[in-house]
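A.B. asks: Provided herewith is a single structure, encoded as structure tokens, for subsequent inquiry.
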Amino acid sequence: MKKIGLLGCGAIGTQIAMAIDSGKIDGTLTHVFDESKEVAQTLVSKLTNKPEIVENSHLLSSHPVNIVVEAASQDAVKDVGLSVLQNKRDLMIMSVGALLDESIYDILSDACKDFKKTIYLPSGAIAGLDAIKSVKDELESLSITTTKHPHSLKGAKFFETSEVNLEEVSSPTIIFEGTAKEAVSLFPANINVAALLSLSGIGSEKTRVKIVADPDTDKNTHHIEASGKFGKMSFTIENFPDPNNPKTSRLAILSAIETLRKYCTDEIQIGT
Ligand SMILES: NC(=O)c1ccc[n+]([C@@H]2O[C@H](COP(=O)([O-])OP(=O)(O)OC[C@H]3O[C@@H](n4cnc5c(N)ncnc54)[C@H](O)[C@@H]3O)[C@@H](O)[C@H]2O)c1
């Protein structure tokens with residue numbers, strides 16, 4: 001049975017841990033870490049099979065786990081990503097925006113080859129990455145429009161310099177238009193999907209992103225359009241936000257659980 005270490009015990013980490021504890025994922029959660037010890041303790045108190053809480057994030061991969069699952073923050077990826085691979089553990093990353101920093105991407109990508117380990121990036125809150133990956137060499141344009149309630153956008157770095165006041169948004173309003181690279185740095189906790197899309201397709205400088213604040217929506221909606229020599233495709237995903245963290249969609253959690261379930265199981269692999 002695969003042994004799992006978990007970095008980040010918030011909305012996503014908790015649901016992953018509970019899926020392991022309930023047997024939905026055929027693995028063992030052996031070690032966890034969160035920068036808030038209280039949050040880690042709260043998670044452990046909910047589990048029947050109790051993992052050990054380690055004292056710092058680097059200790060997760062010094063134990064004999066098969067994989068470390070990151071569900072914490074971009075900083076956490078930058079801090080421990082390399083040492084996880086150097087310790088010959090696989091790594092699953094939820095804070096995918098960290099990989100749009102080319103130096104981080106190159107370091108982790110080289111480390112996968114050097115240490116023969118794999119980084120898994122679940123599809124997160126979007127669909128269609130299988131098709132985007134397949135047509136990547138023929139893509140001419142790729143864009144994503146993300147619509148969220150203003151509450152789900154609050155606290156982003158973008159608002160430190162922007163004149164947009166989310167409290168005053170009374171109808172659907174485009175608050176940002178730019179590249180995926182810009183979007184990920186200005187909305188690090190909101191727009192991991194743009195990072196995933198650009199990594200699957202034509203890169204973060206060429207992937208266009210629009211962010212819409214809509215005070216009348218109760219969903220996180222992503223509309224993706226792709227075109228090129230292969231033809232055209234479009235996908236719209238209407239996600240319900242997770243009640244514990246409205247920035248995170250329910251689908252992002254389910255896709256993380258499915259990726260880890262597949263990692264822990266020998267079975268027929270469906271999809272590209
Ligand atoms: N790939 C996707 O589609 C997708 C979707 C939603 C969220 N995310 C990302 O996944 C991550 C987790 O999301 P969430 O909804 O569970 O967030 P959350 O805020 O509910 O939980 C994050 C937890 O990680 C802890 N943490 C933060 N930085 C840390 C660090 N450096 N070391 C240790 N612990 C740390 C926090 O204390 C918190 O308990 C976020 O970075 C989020 O942006 C990705």
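Readers should treat all values here as calculations from the given coordinates under stated rules, not as data from a laboratory. Every value quoted in this text rests on a predicted model; they were computed, and no experiment measured them. When we count neighbours, we look across all protein chains shown, and the Cβ atoms used for this are built from the backbone with ideal geometry, even at glycine.
A.B. asks: Given Cβ point charges of +1 (Lys, Arg) and -1 (Asp, Glu) and nothing else, what value in debye, to the nearest 20, does the dipole of the stretch 129-239 about its Cα centre take? Kindly include the intermediate steps, with their values, before the conclusion.
C.D. replies: Working: 12 positive and 16 negative charges, 81 e Å.
That gives the stretch 129-239 a dipole magnitude of about 380 debye.
A.B. asks: Distance check, please: which entries in Lys157/Lys210; Lys78/Lys136; Lys46/Lys88; Lys46/Lys219; Lys157/Lys181 exceed 19 angstrom between their Cα atoms?
C.D. replies: Numbers: Lys157/Lys210 16 Å; Lys78/Lys136 27 Å; Lys46/Lys88 30 Å; Lys46/Lys219 28 Å; Lys157/Lys181 14 Å.
Table pairs above 19 Å Cα-Cα are Lys78/Lys136; Lys46/Lys88; Lys46/Lys219.
A.B. asks: Between 0 and 90 degrees, rounded to the nearest ten: what's the tilt of helix 74-86 against the longest Cα principal axis of the chain?
C.D. replies: That helix lies at roughly 40 degrees to the long axis.
A.B. asks: Asn56 to Asp218: extension gain in nm, 0.36 nm per residue of separation minus the Cα-Cα distance? Write out the running numbers ahead of the final one.
C.D. replies: Working: separation 162, 0.36 × 162 = 58.32 nm, distance 3.68 nm.
My answer for the length gained is 54.6 nm.
A.B. asks: In addition: In deg cm²/dmol and to the nearest 500, what is the mean residue ellipticity at 222 nm of the chain if only DSSP H runs of at least 4 residues count, each as -39500 (n - 2.57), divided by the residue total?
C.D. replies: Result for the chain, helices only: -9500 deg cm²/dmol.
A.B. asks: Given H placed on each backbone N at 1.01 Å, which residues far from Phe176 in sequence or on other chains put an amide H within less than 5 Å of it?
C.D. replies: Ile211
A.B. asks: Further question: Given Cβ point charges of +1 (Lys, Arg) and -1 (Asp, Glu) and nothing else, what value in debye, to the nearest 20, does the dipole of the chain about its Cα centre take?
C.D. replies: Numbers: 28 positive and 36 negative charges, 148 e Å.
Dipole size: approximately 720 debye.
A.B. asks: Could you state the principal axis extents of the C-alpha atoms in the chain, from the largest down, to the nearest angstrom?
C.D. replies: 48, 43, 33
A.B. asks: Still on this structure: What list of ³J(HN,Hα) values in whole Hz, one per residue of the stretch 36-47 in order, does the Karplus curve 6.51 cos²θ - 1.76 cosθ + 1.60 (θ = phi - 60°) give from phi, with Gly and Pro shown as x?
C.D. replies: 9, 4, 4, 5, 5, 5, 4, 4, 4, 5, 8, 9
A.B. asks: Taking the Cα centroid of the stretch 10-37 and of the stretch 103-130, what is the distance between the two, rounded to the nearest whole Å?
C.D. replies: When both Cα centres are located, 21 Å separates them.
A.B. asks: I would also like to ask the following. Taking H placed 1.01 Å from N in the peptide plane, check which residues at least 5 places from Gly201 or on another chain put their amide H under 5 Å from its amide H.
C.D. replies: For Gly201, no residues qualify.
A.B. asks: Then there's this: How much length, in nm to one decimal, is gained on full extension between Ser22 and Glu102, taken as 0.36 nm per residue of separation minus their Cα-Cα distance?
C.D. replies: 25.0 nm
A.B. asks: In addition: Please report, to two decimal places, log10 I(q)/I(0) for the stretch 129-239 at q = 0.15, 0.16, 0.19 Å⁻¹ as given by the Debye formula with identical point scatterers on the Cα atoms and no solvent.
C.D. replies: With no solvent term, the Cα-only Debye profile gives -0.61, -0.69, -0.92.
A.B. asks: Give me the net charge for the shell around Thr30: Cβ to Cβ below 11 angstrom, other residues only, Lys and Arg +1, Asp and Glu -1.
C.D. replies: On the way: positive: Lys2, Lys3, Lys50; negative: Glu52.
Spelling it out: positives minus negatives among the neighbours equals +2.
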